[in-house]
1. From L215, L190, grab the single residue that is assigned to a helix (DSSP H, G or I), surrounded by 17 or more Cβ atoms within 10 Å (Cβ to Cβ) and within 16 Å of the chain's Cα centre (by Cα).
2. So if I check each of A202, A225, A159, which one is in contact with a helix residue (DSSP H, G or I) (Cβ under 7 Å, 6 or more places away or on another chain) and surrounded by fewer than 18 Cβ atoms within 10 Å (Cβ to Cβ)?
3. Given the structure, is R192 over 23 Å from I113 (Cα atoms) and either in the same structural domain as E114 (by TED's automatic domain parsing) or among the polar types (S, T, N, Q) (or both)?
4. Please determine, by comparing only the residues of the stretch 86-124 that are in a loop (DSSP other than H, G, I, E, B) and touching a Ser or Thr at 6+ places or on another chain (Cβ under 6 Å), which one is farthest from N224 (Cα to Cα).
5. Can you tell me how many residues within the stretch 119-136 are farther than 20 Å from E176 by Cα and of a type in the set (D, E)?
6. Quick one: which residue in D184, D132 is within 26 Å of E114 (Cβ to Cβ) and either loosely packed, with under 14 Cβ neighbours inside 10 Å or under 14 Å from the mean Cα position of the chain (by Cα) (or both)?
7. Which one of these does W140 not meet: (1) buried (at least 18 other Cβ atoms within 10 Å of the Cβ); (2) part of a loop (DSSP other than H, G, I, E, B)?
8. Are there any pairs, at least 6 apart or on different chains, whose C-beta atoms fall under 6 Å, with the first in the stretch 120-147 and closer than 10 Å to F161 by Cβ and the second acidic (D, E) and not in a strand (DSSP E or B), and if so, which?
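The values are calculated or read from the model by the stated rules, or taken from the named source; none is laboratory data. Quantities reported herein were computed from a predicted structural model and do not represent experimental measurements. For neighbour counting, all protein chains shown are included, and Cβ atoms are generated from backbone atoms with ideal geometry for every residue, glycine included.
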Amino acid sequence: MYITPEEKADKLWAIASEDGHWGSCACRGGTPPLSSLSMRTRTQAGQGIFAIRWINPAGSVDNGRPLIRESGEMPVILHETVIKAPVLPVWLFFMDPVKNLPAISPPGDAVVIESADLPMREGATIAIVARDPLGRRIRWQSRITAFTPPRPVVFGLEARFVDEQVSGPFALWKHEHEFEAIDDATTRMLDRITYKPPLGLAGFIVDWLYLRWKLRAMLKYRGNAVRAKLER
């Protein structure tokens, strides 16, 4: 499981046993998080395997939609997809962006891979050309800044990679991709996007009115597309 320093400060969690009963526990420091899907883990306990996930200050648990929260001055968009396929084939699917990234991108974005430094690894770069909301073609280059292939952990397998914008439409962009085995045949995929819009105040307004909702829709589309490709 991967937890950022900010996440470690959170103190309010929701706990569900396999029989569906929810409770809460206190963790050290911080204030209750705003998102329920930022991270989830499982551990052995007296009543079997528990699911642990964040809850919002009101105590409600999200139903799986992409979520938006603020991290300082930057929005963070979170989306979880459960895929009926083992971790390894899900991971290998994302290791071939030339073939698969255009296939899981919304058709209106018209994503084309301009170049890709393969095999995927830390330091590799990928450049794409896509259509912006005004119909213009934009070039976007990202670098892989973290790369952990599938590895065994207490509850099965987990994997992770992170791409960050080198040049492109955002003032800052960081996309964390995390994969966790629910069981031998099921993978939980978590997307976490942290970004800063361009154009200062104007970009902030555009973000609230349009951009973040566009990104939410993109993640939902991609999650459904991955499931369609990998679930047989």
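1. On the way: L190 fails: assigned to a helix (DSSP H, G or I).
Exactly one of L215, L190 is assigned to a helix (DSSP H, G or I), surrounded by 17 or more Cβ atoms within 10 Å (Cβ to Cβ) and within 16 Å of the chain's Cα centre (by Cα), namely L215.
2. Details: A202 fails: in contact with a helix residue (DSSP H, G or I) (Cβ under 7 Å, 6 or more places away or on another chain); A159 fails: surrounded by fewer than 18 Cβ atoms within 10 Å (Cβ to Cβ).
When all the criteria are applied, what remains is A225.
3. Values: over 23 Å from I113 (Cα atoms): no; either in the same structural domain as E114 (by TED's automatic domain parsing) or among the polar types (S, T, N, Q) (or both): yes.
Considered against the rule, which asks whether it is over 23 Å from I113 (Cα atoms) and either in the same structural domain as E114 (by TED's automatic domain parsing) or among the polar types (S, T, N, Q) (or both), R192 comes out as no.
4. Step one: of the stretch 86-124, the residues in a loop (DSSP other than H, G, I, E, B) are 86, 95-96, 105-106, 110-111, 117-124.
After this cut, where a residue has to be touching a Ser or Thr at 6+ places or on another chain (Cβ under 6 Å) as well, the list is 111, 117.
On the way: V111: 17, D117: 26 Å.
Applying the filter and picking the extreme gives D117.
5. Residues meeting the conditions: 1.
6. Details: D184 fails: within 26 Å of E114 (Cβ to Cβ).
Of the residues listed, the single one that is within 26 Å of E114 (Cβ to Cβ) and either loosely packed, with under 14 Cβ neighbours inside 10 Å or under 14 Å from the mean Cα position of the chain (by Cα) (or both) is D132.
7. (2)
8. If the second residue must be acidic (D, E) and not in a strand (DSSP E or B), the pairs left are A124/D117; I144/E122; F147/E122.
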